[in-house]
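**Student:** One structure, as structure tokens, below. Some questions next.
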Amino acid sequence: MVFVCRRCGMCCRDLVQKDKGVLRGLTLLPGEEELFPETSVRPAVGIGRRPHERGFTIIARQLSLETCPHLGDTGCLIYSARPASCRQFPFSLREGPGGRQQMGLDLNCPALAELVEGSTDLRIRFEDRPSAERLLEVSTRARKRPKKAWFYDLESGKWMRYDNLIDEC
């Protein structure tokens, strides 16, 4: 099976969600923040001893808007240049047991839901896997050093240390 995006725009809405107690927006990899108005981009993931100290590095940013400003009447206006988070959707990668990659499916996507409906043996070609792998690298870097990984909470405007988030969940 091959997934084909309908460009319906459903994935371009409700971009800000609470995850592990942190209000987070659409993840943007380095360079992708330039696609959006500067006022709508915030830090997302940082690595270092403490935010605002020397050596602290922001490894990902986030869009702080509920709806993507590039969503037009006919879908995404920057489809060919869209960020990695958009390219991977409705798929995602995560590290599973033994370090093996596991693919997640977001069945809120109507095109994917229709594709997998009634299927028992799924074999879906995932064309934007490189985008998902780049995003997985960000979360992997955070998990490897939980006491030096920080997530920026859009709600409070504060950095939250990753190991504290793990303890709360």
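**Student:** Put +1 on the Cβ of every Lys and Arg and -1 on every Asp and Glu Cβ in the chain; which of Ser131, Gly21, Pro97 then has its Cα farthest towards the positive end of the dipole?
**Tutor:** Farthest along the dipole direction, towards plus: Pro97.
**Student:** Could you give the dipole magnitude of the chain about its Cα centre, charging the beta-carbon of Lys and Arg +1 and that of Asp and Glu -1, in debye to the nearest 20? Each step should come with its number before you reach the end.
**Tutor:** Values: 27 positive and 23 negative charges, 162 e Å.
Computed charge dipole of the chain: roughly 780 debye.
**Student:** A follow-up question, please. Roughly speaking, what is the centre-to-centre gap between the stretch 28-75 and the stretch 118-169 when only Cα atoms are used, to the nearest Å?
**Tutor:** Cα centroid of the stretch 28-75 versus Cα centroid of the stretch 118-169: 14 Å apart.
**Student:** Magnitude of the Cβ-charge dipole of the stretch 54-126, K/R +1 and D/E -1, about the Cα centre, nearest 20 debye? Present the calculation step by step, with values, prior to reporting the outcome.
**Tutor:** On the way: 8 positive and 7 negative charges, 107 e Å.
Here the size comes out at about 520 debye.
**Student:** Got a sec? How would Asp128, Asp14 order by Cβ neighbour count within 10 Å, fewest to most? All intermediate terms of the calculation are to be shown ahead of the outcome.
**Tutor:** Details: Asp128 16, Asp14 10.
Ascending Cβ contact count within 10 Å gives the list Asp14, Asp128.
**Student:** Arrange the following residues from fewest to most other Cβ atoms within 10 Å of their Cβ: Glu38, Glu33.
**Tutor:** Details: Glu38 7, Glu33 21.
Arranged by neighbour count, lowest to highest, Glu38, Glu33 become Glu38, Glu33.
**Student:** For the stretch 89-94, in order, what is each residue's ³J(HN,Hα) by Karplus, 6.51 cos²θ - 1.76 cosθ + 1.60 with θ = phi - 60°, in whole Hz (x at glycine and Pro)?
**Tutor:** Karplus values, whole Hz, x for Gly and Pro: 4, x, 9, 8, 10, 9.
**Student:** Here's another thing I want to ask about it. Output ³J(HN,Hα) for the stretch 122-137: one whole-Hz value per residue in order, computed from phi by the Karplus curve 6.51 cos²θ - 1.76 cosθ + 1.60 with θ = phi - 60°, and x for Gly and Pro.
**Tutor:** Karplus values, whole Hz, x for Gly and Pro: 7, 9, 10, 7, 10, 6, 9, 4, x, 5, 5, 5, 5, 5, 4, 4.
**Student:** In addition: Binned at 10 Å from 0, what are the whole-percent values of the Cα-Cα distance distribution for the chain, short to long?
**Tutor:** Cα pair-distance distribution for the chain, in percent: 9, 35, 36, 17, 3, 0.
**Student:** Tabulate in residue order the Karplus-calculated ³J(HN,Hα) for the stretch 42-50, using 6.51 cos²θ - 1.76 cosθ + 1.60 with θ = phi - 60°, rounded to whole Hz; enter x for Gly and Pro.
**Tutor:** So the Karplus estimates, Gly and Pro as x, are 10, x, 10, 10, x, 10, x, 5, 8 Hz.
**Student:** If R0 is 35 Å, what FRET efficiency do you get for Arg141 and Asp73 from their C-beta distance, rounded to 0.05? Show your work: numbers first, answer last.
**Tutor:** Details: r = 38 Å, r/R0 = 1.09.
FRET efficiency, Arg141 to Asp73: 0.35.
**Student:** Mind checking the stretch 74-169 for GluC sites (Glu not before Pro) that DSSP puts in a loop (not H, G, I, E or B) and that have at most 11 other Cβ atoms within 10 Å?
**Tutor:** Filter output for the stretch 74-169: Glu117, Glu155.
Only the coordinates and a few stated rules stand behind these numbers; no lab work does. Remember, it's a predicted structure, so these values are computed and weren't measured experimentally. Positions of Cβ are generated from backbone atoms using ideal geometry, with glycine treated the same way; all protein chains shown enter the neighbour counts.
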